[in-house]
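Worksheet: the structure to be examined is printed underneath.
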Amino acid sequence: MAKIISFKKACELSKKFRKEGKKVVFTSGCFDILHLGHIRFFKSLRKWCGKNAIVICGVEMDKYLKDIKGQIRPIFSQKNRAEVLSSVAELDFVTTLDDRAYVMLYRDIAANCVVFGNTEPKLLKLIKRQVLQFGGNFKHIVQKIDYLSTTNLAKLILDNCDGFGGKYAGQ
C-alpha cells in the first residue's frame, strides 16, 4: 500500500485499524522545510505511542501556509512536502489536508489520539476541545529547538538567495 494517501482513504484506514483494535494516532502541520525539530518530534511521537500504533500525518494546504506565514510561503508545494514526509520512518501514512473545518477533520479521521508539538497555546486549546468533543485523546509533545524553525530557516534562505522567494513552491 502507498504511504501517501488521500484524506478519504486515511479516514477509511483509521476506522478499519481501530476496529482491528489498533491505536491510531494523527498529527498534522506545515512541514515546509523538514528540519531537526520535526524529526525529534516524530521520534518522540513514535516513542510515546509505540511501534504498533498507526501514525497518520496530515500536510497543510498551500493556501493555509500563505495565509498564516505570508506570501513567500510555502517554499515547497503540499505535494512535495507530502513526498518528503513519506520518507520519515516514524510515519505510517501521509495525507494532504483540504479546506474542511478542523472540527470536521478530527471527527472524520476518528483517531484514538491527536498529537501536536509546537503550536500556539490558543490553537492547542481549541484543537484539544475539538478532539475531545469526538471522543479522541489529545497529547502535546514539545521538542522545541529555539534557534531552529521553518520560519527562521526560510528567512535565512530568502535573505541569502536573491530571487528564490517561493520559486519552487509550485513544482
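The values are calculated or read from the model by the stated rules, or taken from the named source; none is laboratory data. Please read these numbers as outputs of a predicted model, since none were measured by experiment. Ideal geometry is used to build each Cβ from the backbone, glycine not excepted, and the neighbour counts take in all protein chains shown. Heavy atoms of the whole protein, side chains included, go into the accessibility calculation; ligands, DNA and RNA do not. Shrake-Rupley method; radii C 1.70, N 1.55, O 1.52, S 1.80 Å.
Here are a few things to note about the model shown:
- Members of the stretch 111-125 found to be at pLDDT 80 or above and open to solvent by 60 Å² or more (accessible area, probe 1.4 Å), listed by number: Lys125
- When restricted to residues that are in a helix (DSSP H, G or I) and at pLDDT 80 or above, the stretch 86-110 contains 6.
- Selection count where residues are part of a helix (DSSP H, G or I) and touching a residue at least 60 places away in the same chain (Cβ under 8 Å), scope the stretch 59-84: 5
- Residue in the stretch 63-79 that is most open to solvent (accessible area, probe 1.4 Å), counting only those that are in contact with a helix residue (DSSP H, G or I) (Cβ under 7 Å, 6 or more places away or on another chain) and at pLDDT 90 or above: Gln78
- Contact map, the stretch 111-138: first residue over 16 Å from Lys22 (Cα atoms) and in a loop (DSSP other than H, G, I, E, B), second residue modelled with pLDDT under 80 and open to solvent by less than 90 Å² (accessible area, probe 1.4 Å), Cβ cut-off under 7 Å, separation 6 or more or different chains; pairs are Gly117/Ile141; Gly117/Val142; Gly117/Gln143; Asn118/Val142.
- Condition met for Gly165 (at pLDDT below 70, open to solvent by 40 Å² or more (accessible area, probe 1.4 Å), in a loop (DSSP other than H, G, I, E, B) and touching a Leu at 6+ places or on another chain (Cβ under 7 Å)): yes
- The stretch 1-18 residues that are in contact (Cβ under 8 Å) with a residue 12 or more places away in the chain, paired with ones that are open to solvent by 60 Å² or more (accessible area, probe 1.4 Å) and in a helix (DSSP H, G or I) (beta carbon under 7 Å, 6 or more apart): Ile4/Glu83
Rundown of residues vs (1) out of contact with any helix residue (DSSP H, G or I) (no Cβ under 8 Å at 6 or more places or on another chain); (2) closer than 23 Å to Lys128 by Cβ; (3) modelled with pLDDT of 90 or more; (4) open to solvent by 30 Å² or more (accessible area, probe 1.4 Å), yes/no style:
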residue	(1), (2), (3), (4)
Phe31	no, yes, yes, no
Gly37	yes, yes, no, no
Arg46	yes, yes, yes, yes
Cys49	yes, yes, yes, no
Met61	no, yes, yes, yes
Arg81	yes, no, yes, no
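Listed here are the residues, each with its yes/no results for (1) outside any loop (DSSP other than H, G, I, E, B); (2) among the aromatic types (Phe, Trp, Tyr); (3) over 12 Å from Asp92 (Cβ atoms).
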residue	(1), (2), (3)
Lys9	yes, no, yes
Arg18	yes, no, yes
Gly21	no, no, yes
Phe26	yes, yes, no
Leu34	no, no, yes
Phe41	yes, yes, yes
Ser44	yes, no, yes
Cys57	yes, no, no
